[in-house]
Amino acid sequence: MKTLWLRIAIALLFITVTFSADAQIPDNVIQAALDWACQIGGADCSKIQPNQPCFLPNTVKDHASVVFNDYYQRYKHKGGTCDFHSAAVITQRDPSNGSCHFEYIQ
């Protein structure tokens, strides 16, 4: 029972603070936002490189979800947003999977 409540509490944290790539946005738009976040925006994109914990699944949307969340967690207290021209959305579940864990920074 304690595990269930812990999972619920963690899931509630991610309702308003974790971002993911919007599945309805074309890959080229998401790729442009991902490139900006990695090259100019200051997000840590090392986790989506080959042989790193968030490389698989190797899709633009999965990689963007990791990077968009990293960007938001880094810059939310400095006024940063995570819209990326409507390429990102708030998720209602913890998108972590396998060895890829999405961070939450208070």
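The values are calculated or read from the model by the stated rules, or taken from the named source; none is laboratory data. As the structure is a prediction and not an experimental result, all values here were calculated from the model. Please note: Cβ atoms are built from the backbone with ideal geometry, for glycine as well, and neighbour counts cover all protein chains shown.
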task: Would you point out the residue of segment 66-85, among those that are within 11 Å of the chain's Cα centre (by Cα) and among the hydrophobic types (A, V, I, L, M, F, W, C), that is nearest to C54 (Cα to Cα)?
output: V66
- prompt: Checking D83 against (1) touching an Asp or Glu at 6+ places or on another chain (Cβ under 9 Å); (2) acidic (D, E); (3) modelled with pLDDT under 90, which single condition isn't satisfied?
  reply: (1)
- request: Look at S96 and say whether it is within 14 Å of A32 (Cα to Cα), among the hydroxyl-bearing types (S, T, Y) and either touching a His at 6+ places or on another chain (Cβ under 7 Å) or surrounded by 12 or more Cβ atoms within 10 Å (Cβ to Cβ) (or both).
  value: no
message: What pairs come out if I take residues in segment 50-71 that are surrounded by 14 or more Cβ atoms within 10 Å (Cβ to Cβ) and pair them with residues that are acidic (D, E) and in a helix (DSSP H, G or I) whose C-beta lies under 6 Å away, six or more apart or interchain?
response: V60/D27
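Being charged (D, E, K, R) and farther than 13 Å from W36 by Cβ is the filter; apply it to segment 72-93 and report the residue that is surrounded by the fewest Cβ atoms within 10 Å (Cβ to Cβ).
Top of the filtered list is K78.
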So I8, is it more than 17 Å from C100 (Cβ to Cβ), assigned to a helix (DSSP H, G or I), of a type in the set (A, V, I, L, M) and modelled with pLDDT under 90: yes
- line: Within segment 17-31, restricting to residues that are among the hydrophobic types (A, V, I, L, M, F, W, C) and over 14 Å from T59 (Cα atoms), the one that is modelled with the lowest pLDDT is V17
- prompt: Got at least one residue in segment 45-53 being assigned to a helix (DSSP H, G or I), closer than 16 Å to F102 by Cβ, among the β-branched types (V, I, T) and modelled with pLDDT of 70 or more?
  reply: yes
- prompt: Looking only at residues in segment 86-106 that are among the polar types (S, T, N, Q) and modelled with pLDDT of 80 or more, which one is farthest from the chain's Cα centre (by Cα)?
  reply: S99
- prompt: Is segment 31-40 home to any residue that is surrounded by 18 or more Cβ atoms within 10 Å (Cβ to Cβ), touching a helix residue (DSSP H, G or I) at 6+ places or on another chain (Cβ under 7 Å) and part of a loop (DSSP other than H, G, I, E, B)?
  reply: no
